[in-house]
Amino acid sequence: MTNIDLLLLPGDGIGPEVMAETKRVIEFFEKQGAAKFTVEEDLVGGAAYDAHKKAISEDAMRKARDADAILLGAVGGPKWANVPYDARPEAGLLRLRKDLQLFANLRPAICYPALADDSSLKRELVEGLDIVIVRELTGGVYFGEPKTITDLGNGHKRAIDTQVYDTYEIERIARVAFDLARKRRNKVTSSEKNNVMKSGVLWKEVVTQVHEREFKDVKLEHNLADSLGMQLVRAPKQFDVIVTDNLFGDILSDVAAMLTGSLGMLPSASLGEVDAKTKKRRALYEPVHGSAPDIAGKGLANPIAMIGSFGMMLRYSFGMTKEADMIEQAIAAALAKGLRTADIKGKAEKTVGTREMTDAILSELEKLAA
Ligand code: NAD
């Protein structure tokens, strides 16, 4: 049986609540004999600050480097609003992304049939939607230098941000997108603005070269980012994998997210390079949502984004397609039965809590495994 070393970082607010339920799903698959999970757990965010006065300890960072994959809940909350800037809860997440060089952010947008009427688009446009946005996460205009505001001395100021991409950055994110497409419907849409931006010209050139050299079997198309934004709300099901830079990816992934309803439904992954020694790709999986302090401790949080993040981990870090499919089917079946947490209530009369939603997903998993 495959041995998988997992690091769980539940974090703050609803993080520990949704993580506790996800552990039950991990245990289910272990009992099924799908893999042997060796699970370590540590603190991140405000919880780590309370214990160590740091948003993540060196020991937790060591565990993160050693793990086959990391599952994180959420960080932050009003309790830590006044801690020193370098020790703020988000610093733990940023340190993980930076030290592990997690340059590729994967944000799936899946619309379960039972929730299609809650989307802002018509049911027929979103029902069965299943796309992934691959966003470059460590380069581009958010990090490029110079990044300044200069006083021009004439009553005006000048602000400068710099969009910078090197060939290697575009090559590696393109490879992630093409690899992913091979595990899905084999189509990549690359998006930039080569009509007005030099970085767009290079982006298109490099993605085309990587495709020619290494991924000719995958269908590639190019779409300007403004046009892609339009197509995402006009006919989103035409896409499979979309690859784009940090800025466009930030915007387009939020647009795609809203096609599917609540934040409580959305998993994500951040991937790094394949390690030359171990041949494994560094990876951190987490829900898109935050620590939801308004509902923390009440047992109301929707566990689906967190359980879905574990499903993504099985699919993309360990190639456990069957088990990942089972998780998606079990979630769909629980929703089809009418179970709703408060965030996806829609017109439902009754809502369930974190535990009951997980119970329903586990019972569907039992049925699928039988
Ligand atoms: P949030 O995602 O925590 O909450 C936004 C709204 O969505 C809230 O009303 C919340 O109750 C609801 N919600 C979110 N997840 C839910 C779930 N699983 N089930 C049911 N309802 C859910 O965003 P926010 O309120 O802007 O931020 C709260 C804290 O979380 C802040 O400290 C923020 O910095 C932090 N944050 C952390 C992350 C992260 O850890 N990756 C991401 C975003 C925000």
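Laboratory data are not the source of any read-out in this text; all were calculated from the coordinates shown. Nothing here was measured: the structure is a model prediction, and the numbers come from that model. As a convention, Cβ positions derive from the backbone with ideal geometry for all residues, glycine included, and neighbour counts pool all protein chains shown.
Might you report the magnitude of the Cβ-based charge dipole of the range 1-88 about its Cα centre, with Lys and Arg at +1 and Asp and Glu at -1, to the nearest 20 debye? Could the numbers behind the result be given before it?
Working: 11 positive and 15 negative charges, 24 e Å.
Result for the range 1-88 is approximately 120 debye, rounded to the nearest 20.
For the range 50-72 and the range 250-311, compute the distance between their C-alpha centroids and round to whole Å.
That distance is 18 Å.
With contacts defined as alpha carbon pairs under 8 Å and 6 or more residues apart, what's the relative contact order of the chain in percent? Each step should come with its number before you reach the end.
Values: 760 pairs, mean separation 73.5, N = 370.
Result for the chain is 20 percent.
About its Cα centre, what dipole magnitude does the range 130-258 give when the only charges are +1 on Lys and Arg Cβ and -1 on Asp and Glu Cβ, stated in debye to the nearest 20? Could you put the intermediate results ahead of the total?
On the way: 19 positive and 20 negative charges, 78 e Å.
Rounded to the nearest 20 debye, it is 380 debye.
Taking H as built 1.01 Å from N, whose amide H comes closer than 5 Å to the amide H of Val352, not counting residues under 5 places away?
Those lying under 5 Å, H to H, from Val352 are Arg340, Thr341, Ala342.
Work out, in µm²/s and without decimals, the Stokes-Einstein translational diffusion coefficient of the range 130-258 at 10 °C, 1.306 mPa s, Rh from Kirkwood over C-alpha pairs. Working shown, then result.
Working: Rh = 15.4 Å.
Taking Rh from Cα pairs, D becomes 103 µm²/s.
When the helix-only estimate is applied to the chain (DSSP H runs of n ≥ 4, each -39,500 (n - 2.57), divided by the residue count), what is the mean residue ellipticity at 222 nm, nearest 500 deg cm²/dmol? Present the calculation step by step, with values, prior to reporting the outcome.
On the way: 12 runs with 149 residues, N = 370.
My calculation for the chain gives -12500 deg cm²/dmol from helical runs alone.
By the gyration tensor of its Cα atoms, with a ≥ b ≥ c the square roots of the eigenvalues, what is the shape of the range 118-173: rounded for a/c under 1.5, prolate for a/b over b/c, or oblate?
Values: a/c = 6.29, a/b = 1.79, b/c = 3.52.
It is oblate, given that a/c is not under 1.5 and a/b is not larger than b/c.
Using a/c under 1.5 as the rounded threshold, could you call the range 257-370 rounded, prolate or oblate? The axes a ≥ b ≥ c are square roots of the C-alpha gyration tensor eigenvalues, and prolate needs a/b larger than b/c, oblate otherwise.
Because a/c hits 1.5 or more and a/b fails to exceed b/c, the range 257-370 counts as oblate.
Could you work out the mean projected area of the convex hull around the alpha carbons of the range 159-221, in square nanometres to one decimal?
Details: hull surface 18.4 nm².
Answer in nm², one decimal: 4.6.
Dipole of the chain (Lys/Arg Cβ +1, Asp/Glu Cβ -1, origin at the Cα centre): which of Ile331, Leu232, Met312 lies farthest to the positive side?
Of the options given, the answer is Leu232.
What is the projected area of the convex hull of the Cα atoms of the range 11-78, averaged over all directions, in nm²?
Working: hull surface 19.1 nm².
The number I arrive at for the range 11-78 is 4.8 nm².
Collect residues whose amide H, placed 1.01 Å from N in the peptide plane, falls under 5 Å from the amide H of Ala109; neighbours closer than 5 in sequence don't count.
Close amide H contacts, sequence-distant or interchain: Ile131, Val132, Ile133.
Out of every Cα pair in the chain, what percent are spaced more than 36 Å from each other?
Details: 15157 of 68265 pairs.
Considering the chain, 22 percent of its Cα-Cα pairs are separated by more than 36 Å.
Could you derive backbone 3J(HN,Hα) for the range 108-123 from the dihedral phi with the Karplus parameters 6.51, -1.76 and 1.60 (θ = phi - 60°), listing whole Hz in sequence and x where the residue is Gly or Pro?
x, 10, 10, 10, 6, x, 5, 10, 4, 6, 8, 6, 6, 9, 5, 3
Which residue, Ala159, Ala87, Ala64, has the most motion in a Gaussian network model of the chain that connects Cα atoms within less than 10 Å?
Answer for the Gaussian network model of the chain: Ala159.
Starting from the amide H of Val288, placed 1.01 Å from N in the peptide plane, find each other amide H under 5 Å away whose residue is 5 or more places distant or on another chain.
Leu266, Ser268
Could you please report the charge total around Gly311, scoring K, R as +1 and D, E as -1 over all other residues with beta-carbon less than 9 angstrom from its beta-carbon? The partial results should precede the final answer.
Numbers: positive: Arg315; negative: Glu323, Asp325, Glu328.
Neighbour charge sum, excluding Gly311 itself: -2.
With a cut-off of 8 Å between alpha carbons and a minimum separation of six or more residues, what is the relative contact order of the range 186-324 in percent?
Numbers: 170 pairs, mean separation 27.4, N = 139.
The normalised contact order for the range 186-324 reaches 20 percent.
Note down the magnitude of the dipole of the chain about its Cα centre, charges +1 on Lys and Arg C-beta and -1 on Asp and Glu C-beta and zero elsewhere, to the nearest 20 debye.
On the way: 51 positive and 54 negative charges, 81 e Å.
Dipole size: approximately 380 debye.
Would you work out which of Val39, Ala87, Phe29 lies farthest towards the positive end of the dipole of the range 19-106, given +1 charges on the beta-carbon of Lys and Arg and -1 on that of Asp and Glu, about the Cα centre?
Ala87
Could you work out the local net charge near Val141, counting Lys and Arg as +1, Asp and Glu as -1, over the other residues with Cβ closer than 15 Å to its Cβ? Spell out each step's value before the answer.
Numbers: positive: Arg135, Lys147, Lys193, Lys198; negative: Glu136, Glu145, Asp161, Asp166, Glu169, Glu192, Asp245, Asp250.
Here the charged neighbours net out to -4.
Applying the Karplus parametrisation 6.51 cos²θ - 1.76 cosθ + 1.60 with θ = phi - 60° to the phi angles of the range 132-138, what ³J(HN,Hα) value in whole Hz is obtained for each residue in order, glycine and proline being reported as x?
Residue by residue, the range 132-138 yields 10, 9, 9, 10, 5, 10, 10 Hz.
Pairs of alpha-carbon atoms within less than 8 angstrom and 6+ residues apart define the contacts here; what relative contact order does the range 130-258 have, in percent? Show your work: numbers first, answer last.
Values: 209 pairs, mean separation 47.0, N = 129.
It rounds to 36 percent for the range 130-258.
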